[in-house]
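Read through the structure below, which is laid out as structure tokens, and then see the notes.
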Amino acid sequence: MAVTSLPAIHASHSGCWLRDHLGTRPVGKGEAIMAAADTPLLLLNAPLIASRLGYPDLSGLDLLELYAFVHPARFMVPTPKGLAQALGLAEPRTDDGVPALLQAAAEALLATCEDPAWPEREGAWSALQSLVRLRWPWAGLLAPKIAQPQRAERWLFARLPEWEEAPERPQPAQIVLDGDAITARLAELTGSGAEQRPAQQAYARAAGAMFAPRAGQRQPHMVLAQAGTGTGKTFGYLAPASLWAEQSGGTVWVSTYTKALQRQLRRESQAAFPPERAGRTGPPVVVRKGRENYLCLLNLEDALQGGFTGRPAIMAQLVARWAAYSQDGDMIGGDLPGWLGTLFRKRGITALTDQRGECVYAGCPHFRKCFIERAARASAGAELVIANHALVMINAARAREVAQRPTRIVFDEGHHVFEAADSTFAAALTGAETVELRRWVIGPEGSQRGRRRGLAARLADVASYDADGARAIADAREAAAALPGDGWLARIVEGAPFGPIEDLLAETRELVLSRDESGGQEAGYGLETEAAQLGGGFIEVAGRAQEALEALRQPLMRLALRLEALIEEGPDWLDGPARARIEGARGAIGWRTDLLSGWVALLARLGGPGDPEFVDWLALERSEGREWDIGLHRRYLDPMKPFAEAVLAGAHGVMMTSATLTDGAETQNGDWSGAVERSGAPQLGVRPEVFAAPSPFDYAKNAEVLIVTDVPKGDIPALANAYGRLIEASGGGALGLFTAIRRLRAVYGRIADRLARGGLPLFAQHVDPIDTGTLVDIFRDDPRASLLGTDALRDGVDVPGHSLRLVVMEQVPWPKPSILHRARRLAHAEKFGGGGSRGGGQAHDDRIIRARLAQAFGRLIRTGTDKGHFVVLSSAFPSRLLSAFPPGTPVRRVTLDAALQSVAGRVSEGSVTPLSSETRP
Ligand code: SF4
């Protein structure tokens with residue numbers, strides 16, 4: 001069948017267009033749905049079109065699936081414009097041109113399959129045979145286009161390269177970097193033609209101090225470097241880092257909080273760490289992520305061989321196509337298109353990763369090709385490892401090998417280290433966590449299927465060789481049967497919990513529901529209550545749960561000791577692969593016993609006096625009224641305490657850097673005490689070097705903060721009106737930030753259609769069935785598009801240039817009044833008293849709000865030529881928060897009408913109107 005004879009459909013917020021043998025015409029939603037039911041239609045992004053049509057069952061010939069098959073691991077923005085650009089076709093100017101583009105794109109992609117020069121041909125014919133069997137809608141159209149290769153294609157698992165074992169690296173040489181050499185390296189990186197940037201040079205020299213030899217045990221060199229946007233931080237620290245790695249033979253870790261910065265670092269580090277440097281074998285730069293980000297080949301094999309059926313099986317085939325061409329097997333934020341998972345179902349992608357630590361290491365037939373193992377080995381030999389804060393903390397705390405432990409670390413986006421430490425060192429005894437632990441010990445039960453195996457199956461050889469080991473495994477299995485299993489939540493809600501942990505969770509739920517006074521009950525939000533004044537009944541149930549957990553912890557500890565002894569004894573059957581597998585199992589058991597110890601400690605203190613180091617509470621997790629988890633939570637009052645022990649004590653040099661390490665009010669006074677405290681340095685008695693450079697950008701000329709005072713708080717129609725008109729005034733290019741998903745959805749629902757009719761597409765997190773990374777790609781790609789989102793966007797959006805010219809915050813971003821927040825607020829007030837810029841609970845809150853405002857404002861001006869407005873809809877914005885904005889930034893309190901004039905004025909004139917301002921001091 002000719003593709004041009006296939007009808008095509010496109011739907012946006014402004015209407016639907018159908019193209020068939022009669023040409024292209026606008027149609028109503030009902031007619032579009034009827035047409036889709038009659039015959040498979042060409043469409044782009046079926047879930048999105050389905051949500052536009054309000055018809056969730058929509059299916060058809062999705063161009064995104066075809067693209068993923070033809071060009072696996074190639075980037076594409078999943079919009080008509082993105083598709084046209086990716087295929088070199090003319091971009092449709094209006095919505096009614098999209099159906100014709102879909103036909104042309106399908107034709108181009110099918111023609112590619114006939115082209116002898118198609119770079120991704122290998123494996124396509126074999127994959128197609130499976131897809132034919134799975135009745136993939138595209139299979140029939142592709143079959144005549146893809147010729148059977150003359151020689152049988154190697155299947156994926158044979159094609160992937162094996163990683164090489166590398167010898168252990170010697171310790172890094174102890175060297176002191178020369179300041180002039182750092183400056184010279186910086187000049188090399190920035191290019192001889194680049195303008196001289198004294199602030200960047202000073203920054204690079206300051207960063208160099210972290211690489212000096214350590215003066216004492218547990219005494220790392222620490223540098224806190226605050227540098228405004230545009231200083232050139234990345235090259236600033238890569239210059240000394242690359243020099244040190246080259247001269248010392250060691251590894252530098254750069255840790256980020258967002259994926260956007262990770263991508264930027266991957267690009268920029270190419271210049272600092274050229275791959276062709278003499279004497280090296282592996283890649284000099286490696287991106288490391290948590291295991292759960294990578295494809296597990298064993299899970300994929302299981303999915304391809306019947307573990308997945310129906311649509312997920314089609315997805316597995318497309319993932320297998322991608323795996324053969326992927327740079328590193330990273331499924332979350334790597335080269336797997338973020339949109340692929342949402343075309344099928346999210347769980348499908350996560351089921352292909354190693355979520356539960358069930359890796360069997362050398363017992364796995366794909367061990368030598370495993371993406372996770374490759375990344376781990378490559379990082380041990382790399383000069384630069386790019387990772388995120390959580391992974392750096394986990395590796396420092398419990399890396400299997402010394403070579404995997406970071407000792408020279410640059411924490412970029414350093415203002416997030418505190419919250420990353422807060423979640424890394426948290427304990428949560430919840431239903432979801434205990435179910436995972438039960439599965440890890442027992443393996444699949446009842447109707448569960450898949451390759452996953454319990455502890456007994458993974459360590460069968462140990463059990464048959466060692467009687468004590470076998471007993472420990474059997475005891476652990478028996479004890480794990482007391483943990484919640486499938487259906488636990490339903491049993492608790494029905495009042496029929498099973499076993500001591502479910503009893504505890506049922507009591508927890510009851511207590512939270514009876515004590516909550518947050519008003520969240522009706523709104524359907526999560527609920528929480530303090531772990532205080534608990535009755536005798538609760539303590540009794542908690543005691544039985546504690547015994548049950550202890551009964552599991554004991555045999556796991558015995559097993560870990562047996563495994564250690566086995567490795568020492570080295571029996572005949574313990575060859576290299578078996579040893580690696582047992583070492584892997586030992587590591588996995590180690591962190592599970594740590595987990596159990598944390599839970600036992602949490603329960604043990606419930607009846608007695610509180611531990612001032614921790615904040616404990618009980619929570620019922622809900623979204624939109626639906627319960628999804630119940631549990632007890634524990635956080636360190638100061639998470640930098642465990643951070644200092646796990647990360648800083650073993651490190652030799654650590655730098656924390658950001659545009660906002662100190663709070664605006666602190667910066668004004670040259671006060672570093674807050675930043676030093678938040679770095680964890682005082683826990684080890686270390687005094688960090690500090691460095692500060694202001695941003696070189698001309699904020700007075702290029703930016704303006706508008707505080708709109710006449711949009712009443714809580715008035716959704718007024719809020720929606722303000723957003724709609726501001727986006728119209730700026731002609732799109734707006735990022736709208738919300739503190740509540742409910743309000744985001746309400747605003748979106750009221751303005752999306754109207755804006756779309758004016759040619760201003762609006763996208764939203766939590767509304768559009770598109771992952772956040774892809775939403776940002778779409779936003780970046782279309783200067784008329786706008787994006788609404790919540791907290792995650794406040795940091796993760798790096799959109800320089802014209803595409804982002806307006807940021808709108810719905811209100812002052814007050815911290816959520818949670819139990820944890822209240823405890824830290826109180827601790828701050830007790831420590832600093834009621835006066836001064838650091839005193840009192842309000843000062844604590846203000847610092848948090850200023851940090852959020854500064855991060856949100858930081859989205860707006862990314863380069864020296866960016867211009868834009870930052871709007872806060874707040875009738876009562878306290879002046880003390882204005883120091884959140886960079887010095888010199890004009891600030892005005894205005895009506896919405898005046899704000900609209902300003903926003904529209906900048907867009908039409910292309911420059912800033914001079915304004916009387918409450919310029920930020
Ligand atoms: S080694 Fe582990 S993570 Fe890697 S493919 Fe095998 S089971 Fe999966």
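The values are calculated or read from the model by the stated rules, or taken from the named source; none is laboratory data. Values in this document were obtained by computation on a predicted structure and should not be read as measured data. No Cβ is skipped: glycine too gets one built from the backbone with ideal geometry, and neighbour counts run over all protein chains shown.
Remarks
For (1) part of a helix (DSSP H, G or I); (2) of a type in the set (A, V, I, L, M, F, W, C); (3) at positive phi; (4) out of contact with any Leu (no Cβ under 8 Å at 6 or more places or on another chain), each residue gets a yes or a no:
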position	(1), (2), (3), (4)
755	yes, yes, no, no
779	yes, yes, no, no
788	no, yes, no, no
794	yes, no, no, no
802	no, no, no, yes
814	no, yes, no, yes
817	no, no, no, yes
823	yes, yes, no, no
830	yes, no, no, yes
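- Filter pass, residue 79 being touching a strand residue (DSSP E or B) at 6+ places or on another chain (Cβ under 7 Å) and of a type in the set (Ser, Thr, Tyr): no
- Restricting the search to helices (runs of 4 or more DSSP H) fully inside segment 476-583 and requiring at least 3 residues that are in contact (Cβ under 8 Å) with a residue 12 or more places away in the chain gives 488-493, 499-515, 536-569.
- Verdict on residue 333 being modelled with pLDDT under 90, at positive phi and surrounded by fewer than 21 Cβ atoms within 10 Å (Cβ to Cβ): yes
- The single condition from (1) part of a helix (DSSP H, G or I); (2) surrounded by fewer than 20 Cβ atoms within 10 Å (Cβ to Cβ); (3) free of Cβ contacts under 8 Å to residues at least 40 places away in the same chain that residue 349 fails is (2).
- Test: residue in segment 371-382 that is away from the ligand (no atom under 16 Å from the Cβ), under 30 Å from residue 310 (Cβ atoms), more than 18 Å from the chain's Cα centre (by Cα) and buried (at least 22 other Cβ atoms within 10 Å of the Cβ): no
- When the residues of segment 298-316 are filtered to those that are assigned to a helix (DSSP H, G or I) and away from the ligand (no atom under 16 Å from the Cβ), the one that is farthest from residue 374 (Cα to Cα) is 311.
- Qualifying positions in segment 852-863 - of a type in the set (Val, Ile, Thr) and crowded, with 24+ Cβ neighbours inside 10 Å: 861
- Residue match in segment 361-370 (condition: buried (at least 22 other Cβ atoms within 10 Å of the Cβ) and either aliphatic (A, V, I, L, M) or more than 14 Å from the ligand (Cβ to nearest atom) (or both)): no
- Scan of segment 317-345 for residues that are away from the ligand (no atom under 16 Å from the Cβ), in contact with a Lys or Arg (Cβ under 8 Å, 6 or more places away or on another chain) and hydrophobic (A, V, I, L, M, F, W, C), ordered by number: 344
- The lone exception for residue 410 - which of (1) closer than 28 Å to residue 454 by Cα; (2) touching a helix residue (DSSP H, G or I) at 6+ places or on another chain (Cβ under 7 Å) it fails: (1)
- The residue list 407, 424 contains one member that is more than 16 Å from the ligand (Cβ to nearest atom), within 19 Å of the chain's Cα centre (by Cα) and farther than 16 Å from residue 287 by Cβ, which is 424.
- Selection status of residue 418, more than 16 Å from the ligand (Cβ to nearest atom) and under 24 Å from residue 272 (Cα atoms): no
- Exclusive hit being within 20 Å of residue 236 (Cα to Cα) and exposed (fewer than 13 other Cβ atoms within 10 Å of the Cβ), set 176, 223: 176
Here's the yes/no breakdown for (1) under 23 Å from residue 800 (Cα atoms); (2) surrounded by fewer than 20 Cβ atoms within 10 Å (Cβ to Cβ); (3) in contact with a helix residue (DSSP H, G or I) (Cβ under 6 Å, 6 or more places away or on another chain); (4) among the hydroxyl-bearing types (Ser, Thr, Tyr):
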| residue | (1), (2), (3), (4) |
| --- | --- |
| 850 | yes, no, yes, no |
| 865 | yes, yes, no, yes |
| 879 | no, yes, no, yes |
| 889 | yes, no, yes, yes |
| 892 | no, yes, no, no |
| 905 | yes, yes, no, no |
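- Single unsatisfied condition, residue 635 versus (1) farther than 24 Å from residue 525 by Cβ; (2) not in a helix (DSSP H, G or I): (1)
- When segment 398-421 is filtered for residues that are out of contact with any strand residue (DSSP E or B) (no Cβ under 6 Å at 6 or more places or on another chain), modelled with pLDDT of 85 or more and of a type outside the set (Lys, Arg), the ones remaining, listed by number, are 407, 416, 418, 419, 420, 421.
- Options 213, 240; residue that is surrounded by fewer than 19 Cβ atoms within 10 Å (Cβ to Cβ), modelled with pLDDT of 95 or more and not in a strand (DSSP E or B): 213
- Remark: pairs (first residue in segment 361-383, among the aromatic types (Phe, Trp, Tyr); second residue modelled with pLDDT of 85 or more and near the ligand (Cβ under 9 Å from one of its atoms); Cβ separation under 7 Å; 6+ apart in sequence or on different chains) = 361/367; 367/373; 371/294; 371/295.
- For segment 675-727, the tally of residues that are of a type in the set (Gly, Ala, Ser), free of Cβ contacts under 8 Å to residues at least 40 places away in the same chain and part of a helix (DSSP H, G or I) stands at 3.
- A count restricted to segment 1-19 and to residues that are within 23 Å of residue 110 (Cβ to Cβ) and buried (at least 17 other Cβ atoms within 10 Å of the Cβ) stands at 9.
- Among (1) modelled with pLDDT of 90 or more; (2) under 36 Å from the mean Cα position of the chain (by Cα), the one test that residue 535 misses: (2)
- On inspection, residue 205 passes the criterion of being closer than 29 Å to residue 673 by Cα and either in contact with a Phe, Trp or Tyr (Cβ under 6 Å, 6 or more places away or on another chain) or part of a helix (DSSP H, G or I) (or both).
- The set of residues from segment 280-297 being within 16 Å of the ligand (Cβ to nearest atom) and either polar (S, T, N, Q) or in contact with a Leu (Cβ under 7 Å, 6 or more places away or on another chain) (or both) comprises 288, 289, 290, 293, 295, 296.
- Cβ-Cβ contacts under 7 Å between residues 6 or more apart (or on different chains), taken from a first residue in segment 287-302 that is more than 16 Å from residue 160 (Cα to Cα) to a second residue that is within 7 Å of the ligand (Cβ to nearest atom) and of a type in the set (Asp, Glu), are listed as 291/354; 292/354.
- Any hit, segment 436-450, residues being under 23 Å from the mean Cα position of the chain (by Cα) and not in a strand (DSSP E or B): yes
- Test: residue in segment 672-692 that is farther than 30 Å from residue 652 by Cα and of a type outside the set (Phe, Trp, Tyr): no
Here's the yes/no breakdown for (1) assigned to a loop (DSSP other than H, G, I, E, B); (2) modelled with pLDDT under 95:
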{"position": "98", "(1), (2)": "no, no"}
{"position": "142", "(1), (2)": "no, no"}
{"position": "158", "(1), (2)": "no, yes"}
{"position": "171", "(1), (2)": "yes, yes"}
